[in-house]
Amino acid sequence: MQNSEDTQADITLLDRIVARDQGAVAELYDRHSRLLFSLVLRILRDRSEAEEILQEVFVLVWTRAETYNVSLGSPAGWLVRIARNRAIDRLRSNAVRLRAVEEAPIPQAEMSPESRATLGERQRAVIAALDVLPPEQRVLIEHAYYLGLTQSELAGRFNLPLGTVKTRIRTGMQTLRQRLLETPIER
């Protein structure tokens, strides 16, 4: 638990970061990196991924320090929430990627000619439906489904608010669903 002097020192560091003082990020890192790293490592159980997440947390602090709100808690609590959320997002993303590999379709060599034709038809229908989407929707959907990125990761990667990412994906998926329902595919 932080005392009020530590909290005030962290608030001062965040104010310096907002003013683009790089030294303040280093000081904040020195003050909290051990705690954040151990938290992330406990969640991910992978040292290299924990190091990546820790780096992402401080990049986020550098780019979004002005979003810290003192009425919502201490800077240390804010950092812990960021680290925890990023680690959980990574864990979910890794699970999606693993599931995608495990559920990979049967190699086409083992499929009947009819199954291969149907699969090819479905793939072409999906590609055609994706091509109809506006680029800002299509890119997010492709990164989410083909690369397994979470919505939070997409927001960070494309520097968009999370709500915008969710809306664009939802709208794009609704358009895709409608388009695919209108496309006759032999099942």
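The values are calculated or read from the model by the stated rules, or taken from the named source; none is laboratory data. A quick note: this is a predicted structure, and the numbers were derived from the prediction, not measured. Methodologically, a virtual Cβ is constructed for each residue, glycine included, from the backbone with ideal geometry; neighbour enumeration extends over all protein chains shown.
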Matching residues, the range 25-45, being free of Cβ contacts under 8 Å to residues at least 12 places away in the same chain and either surrounded by 18 or more Cβ atoms within 10 Å (Cβ to Cβ) or not in a loop (DSSP other than H, G, I, E, B) (or both): Ala26, Asp30, Arg34, Ser38, Leu41, Arg42
Residue in the range 18-35 that is of a type in the set (Lys, Arg), farther than 25 Å from Leu91 by Cα and modelled with pLDDT of 90 or more present: yes
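Just to be sure before I move on: is Ala144 in contact (Cβ under 8 Å) with a residue 24 or more places away in the chain, in a helix (DSSP H, G or I), surrounded by 14 or more Cβ atoms within 10 Å (Cβ to Cβ) and out of contact with any Lys or Arg (no Cβ under 7 Å at 6 or more places or on another chain) in the structure I sent? Talk me through it step by step, then tell me what you get.
On the way: in contact (Cβ under 8 Å) with a residue 24 or more places away in the chain: yes; in a helix (DSSP H, G or I): yes; surrounded by 14 or more Cβ atoms within 10 Å (Cβ to Cβ): yes; out of contact with any Lys or Arg (no Cβ under 7 Å at 6 or more places or on another chain): yes.
Yes, satisfied.
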